[in-house]
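Could you have a look at this structure, given as structure tokens, before my questions?
The values are calculated or read from the model by the stated rules, or taken from the named source; none is laboratory data. Fair warning: this is a prediction, and the values are worked out from it, not measured in the lab. In this analysis, Cβ positions are derived from the backbone assuming ideal geometry, glycine residues included, and neighbour counts consider all displayed protein chains.
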Amino acid sequence: MWEPRPGWQRLPGAGPSTLGVWAARVGDRDVVVKRLVAPSPHDPPETGLRTHPAYWRRAADVALSGVVSGTPGLREPELLEVEEDAAGVTLVHARVEDAASSGLFLASRLGRFAGADLGTPPWLAVDQLAARLAQVERRGGWQTLARTPMADLADHLWHRRRALLEQVARLPQVPQHGDPVPSNLLGHEEDEVVAVDWSTLGRGPVGSDLGYLSLSTREAFQPLVVAYCSGLPDGLASRAQVELGARVSSIYTVLTRADWALARAAQGEGALAGKYRHPSVAPFLRAMQRQLPQVEALLDPRQHD
């Protein structure tokens, strides 16, 4: 049975198919060790679907293929070792120090990455936002938001989700990291970002990665759009297309997160309204409030056809 070695320091960031991530020292190198766990018969079937965002071994396939070892905008850290066994895969990468990049720099590099050529690996993730919303639908939708002052707006957006997903599916489909939070966009190398956690690498609507990033940066939405567009190859997409992809990604992600946080808080005693300022809830609600201008723009019929 695989186990981490004594002295390894556990890091945050383990996903549903990840046993854990550890910082370690191997020889004279600082490394990060990630252990992926093969699915059992009791795991959700999507963990075995190669194009589903939850596919369990995509991070290993990315590393072994080298598909993002030299891509523009974002690239993977140096791969040092891969070990496979019947129970899973162990990946060892060079450790990346946090360069504390600004949101504008990260947005511009996401735009540059959108022009990368990834080829046609069969394990690239597709329909990532749709897959996440399908999970929410199986749980009954945004049930806890329905108990808040956001109820009418959330209900309207929930019922428009399929139409908006169809709209963004018609946008240029570009490479996307899939989880572009600052903690995954760490280092600099030759003016590019060295990014970690490629478990959701795939293709999606232009601007989708940007919308996801915008939930975790200090910079406002429009400056981020300008930075992203500055990195896009000429002719790949218009600014209006980028804005639409980013808005749909950010709004549906932030509302899903807020509903999740509220649902957890609602399990305790007391009225739901009394928990809005709880530390486990307030950051999600502030992030939701910050996106209200983008909600208004998304619902304005003059903004897109």
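In region 115-129, what residues are part of a loop (DSSP other than H, G, I, E, B) and either closer than 12 Å to Ser199 by Cα or among the β-branched types (Val, Ile, Thr) (or both)?
Across region 115-129, the qualifying residues are Thr120, Trp123, Leu124, Val126.
Could you check Gly73 against (1) closer than 15 Å to Asp191 by Cα; (2) out of contact with any strand residue (DSSP E or B) (no Cβ under 8 Å at 6 or more places or on another chain); (3) among the small types (Gly, Ala, Ser); (4) modelled with pLDDT of 95 or more and say which number it fails?
(2)
Quick check on region 114-134: of everything there that is of a type in the set (D, E, K, R) and under 14 Å from the mean Cα position of the chain (by Cα), which residue is surrounded by the fewest Cβ atoms within 10 Å (Cβ to Cβ)?
Arg132
Between Leu236, Leu244, which is among the aliphatic types (A, V, I, L, M) and within 14 Å of Leu110 (Cβ to Cβ)?
Leu236
Condition first: more than 30 Å from Gly245 (Cβ to Cβ), hydrophobic (A, V, I, L, M, F, W, C) and surrounded by 11 or more Cβ atoms within 10 Å (Cβ to Cβ). Now tell me which residues in region 264-294 satisfy that.
Ala265, Ala266, Leu272
Kindly provide the set of residues from region 214-250 that are within 12 Å of Leu298 (Cα to Cα) and among the small types (Gly, Ala, Ser), ordered by number.
Ala240, Gly245, Ala246, Ser249, Ser250
Only residues in region 263-292 that are at positive phi and outside the structural domain of Gly141 (by TED's automatic domain parsing) count as the first member; pair them with residues that are surrounded by 13 or more Cβ atoms within 10 Å (Cβ to Cβ) and of a type in the set (S, T, N, Q), Cβ under 7 angstrom, at least 6 apart or cross-chain, and list the lot.
From residues that are at positive phi and outside the structural domain of Gly141 (by TED's automatic domain parsing), there are no pairs.
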